[in-house]
1. Among residues belonging to segment A:38-91 that are more than 10 Å from ligand 1 (Cβ to nearest atom) and among the polar types (S, T, N, Q), point out the one that is nearest to A:Ile239 (Cα to Cα).
2. Among the residues of segment A:94-109, is any free of Cβ contacts under 8 Å to residues at least 12 places away in the same chain and within 22 Å of A:Arg24 (Cβ to Cβ)?
3. Please give the helices (runs of 4 or more DSSP H) falling wholly within segment B:125-205 in which 3 or more residues are within 14 Å of another protein chain (Cβ to nearest Cβ) and out of contact with any strand residue (DSSP E or B) (no Cβ under 7 Å at 6 or more places or on another chain).
4. Output the strands (runs of 3 or more DSSP E) that fall wholly within segment A:182-295 and possess 2 or more residues being within 14 Å of chain B (Cβ to nearest Cβ) and within 16 Å of ligand 1 (Cβ to nearest atom), or say none.
5. Which residues, counting only those in segment A:133-149, are surrounded by fewer than 19 Cβ atoms within 10 Å (Cβ to Cβ) and more than 9 Å from chain B (Cβ to nearest Cβ)?
6. Can you name the residue in segment A:194-212 that is open to solvent by less than 10 Å² (accessible area, probe 1.4 Å) and in contact with a Leu (Cβ under 8 Å, 6 or more places away or on another chain) and, of all such residues, is farthest from ligand 2 (Cβ to nearest atom)?
7. Restricting segment A:111-132 to residues that are at the interface with chain B (Cβ under 9 Å from one of its Cβ atoms) and in a helix (DSSP H, G or I), which is farthest from B:Val167 (Cα to Cα)?
8. Is it fair to say A:Lys215 is touching a helix residue (DSSP H, G or I) at 6+ places or on another chain (Cβ under 9 Å), open to solvent by 10 Å² or more (accessible area, probe 1.4 Å) and either free of Cβ contacts under 8 Å to residues at least 40 places away in the same chain or within 16 Å of ligand 2 (Cβ to nearest atom) (or both)?
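The values are calculated or read from the model by the stated rules, or taken from the named source; none is laboratory data. These figures come from a predicted structure and were not determined experimentally. Note that we place each Cβ from the backbone using ideal geometry, even for glycine, and neighbour counts take in every protein chain shown. Remember, those area values only see protein heavy atoms, side chains included, never the ligands or the DNA or RNA. Shrake-Rupley method; radii C 1.70, N 1.55, O 1.52, S 1.80 Å.
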Amino acid sequence: MNPTSASVAVSALPGGAIPAQAARTGKVRIIDAVKYYGAAGTGVLAVDHCTFEVPAGEITVVVGPSGCGKTTLLNAIAGFHSLSSGSIYLDDEMLCGPGKLKAEPGPDRIVVFQNGALFPWKTNIENITFGPMMQGRLTRAEAYEKARDMMADAGLRGIENNYPGEISSGVRRRVEIVRALMNDPKILLLDEPYRALDSLTKSVMHEALLEIFYKNRVTIFFITHDLEEAIFLGHRVVIMTTRPCRPKKILDIDIPHPRDYSVLTTKRFREFMDETAAAVHEEATKAFAAGEKER
Amino acid sequence: MNAIKGFVLKTISFVTGEDFWRGIVAIIVFLLFWETGSRSQSWFGVAFPWVSQVPAPTAVLQEMYRLIQDPSFWHSAYLSTLRVTEGFLAAMVIGIPLGLAMAVSKTFYGISFPVFEVLRPIPPLAWVPAAIIFWPTQELSIAFVTFLGAFFTIVINVIGGAQAIDVRYFQAARSMGSSTWDIFRRIILPGTLPSIVVGATVGIGITWAVVVAAEMISGGGSAGSVGGAAGGGLGFFIWNSYVGGSYTQIVAGMISIGMAGYLSSAILRKIGEWMTPWLAEG
Ligand SMILES: Nc1ncnc2c1ncn2[C@@H]1O[C@H](COP(=O)(O)OP(=O)(O)O)[C@@H](O)[C@H]1O
Ligand SMILES: [Mg+2]
């Protein structure tokens, strides 16, 4: 989009290099996951024998039509509800599986919610310091200091004492991502974080997210129904079938990181778009025909 | 300092605004109509229907001027305020925890909500005779009925508010390591606070309506005998004025109650705004 603003992301890293000490945690393996809502047989089958891997230190983007079961899968990873069968591992630790179908929620897997879930009654900095203070990892003073640093880094200086309701939705998303990162999660789970934003704000958010990713190298699990967004951000793109969701196609996007918006006009990007558009469109059509609505 | 400046600015822009002047004109026209109507018999020789029975605003104003110098009027106002405060505070102290408990515990909700829903449609005033029988003093009976006026509204608002808290807030708090107690204190309480404020503001209005009627029905309570002729609360005061045939005093009493109700709601709204700063706009 705007090459000069994109270069900000790169300039944070000398020579555009990716940090060598990049954390290699946060690998998630989803094995044969099944999720029924309601009784098996009569209920809704949302996830059907779903198997794929989210590599550590990379961005994996899950694309699928609305209502296909993406959030359902994410909730199982986060531990907000149980699987019906199958298992999920985080760095070879079983989160849920036979005998323990519901994972415990924890600060190693933080969700950035579809419509945002900053606590409206807490100021931005109170939101951001919430995690470390709840976990007792940092004192209040330490948490505030770290929060101020991270906010400054993310271009969020000056809104520390505002309430989330007083800032724009784009800025709210950034605050929420900073709140998530304050927990030093192994993996960030982002559920269509930018769906409500206009395309201009969206492009700024994408660059900001990549910048954060290059700095922190935290594993990212990103849900969207926007194919362009998926290919632009992802190392790996998992295209889901319409409900019940199951990977239809898994692509490794070999466009080198760090990326900026000039990627969108490259031949390689168009090739990926062309290769996947048909598959995504086919599933979207099926979903439309089935009258899927999102929750 | 900023708050004061903001208030002054807001007041100025309100006073210079169109709505303000429209309101002023409407009130003046209303008062003129009332005055003309009340004096229609002497001015035009024809009594306008209905309004001619009502004392004129100027007469009421004179009466109010007299009343504010009358200690027994203030005693009545004091008694009603006291009963409203007692009943309202009791409703808050019992209603808020009860509502929260009902919202938080499915079991408790299952047990208590049906009983609550059976009692809720009974108008507070229908309780007056029973209250007089059950409670040892008139004073307690009136306070109890007043309590009921605010209680159901507060509980319903608390339950509704707590149940409407977005599940994502709980999920986010859990992920970030909150204990159950943390979730109660940092999510449920602040999340319910706006509804508590609404319940309280509506509740205190009902409280005033109820206290006045309860005082009329019960004859002003036991305190009536202490405070002299006009003792026993504003409701009793109006009733007494009616019995004594002082129509200006009736209207003056009505207006005092209106002002008291408005004032207490306004105070609660202010306290509410102060407690929920995140809802302030701008
Ligand atoms: N709590 C629930 N109870 C019953 N059905 C649900 C529930 N949550 C989601 N569903 C259904 O599961 C399917 C997948 O939902 P979801 O995972 O939210 O889709 P997506 O995030 O891909 O849009 C939808 O058909 C939805 O109606
Ligand atoms: Mg979803």
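1. The selected residue is A:Thr60.
2. yes
3. Details: elements: B:128-134, B:138-163, B:167-175, B:180-183.
Of the helices (runs of 4 or more DSSP H) lying wholly inside segment B:125-205, those with at least 3 residues that are within 14 Å of another protein chain (Cβ to nearest Cβ) and out of contact with any strand residue (DSSP E or B) (no Cβ under 7 Å at 6 or more places or on another chain) span B:167-175, B:180-183.
4. Values: elements: A:187-191, A:219-224, A:236-240, A:247-252.
So the answer is A:187-191.
5. A:Leu138, A:Thr139, A:Arg140, A:Ala141, A:Glu142, A:Tyr144, A:Glu145, A:Lys146, A:Arg148, A:Asp149
6. The qualifying residue farthest from ligand 2 (Cβ to nearest atom) is A:Leu210.
7. A:Pro132
8. Working: touching a helix residue (DSSP H, G or I) at 6+ places or on another chain (Cβ under 9 Å): yes; open to solvent by 10 Å² or more (accessible area, probe 1.4 Å): yes; either free of Cβ contacts under 8 Å to residues at least 40 places away in the same chain or within 16 Å of ligand 2 (Cβ to nearest atom) (or both): no.
Criteria not met by A:Lys215.
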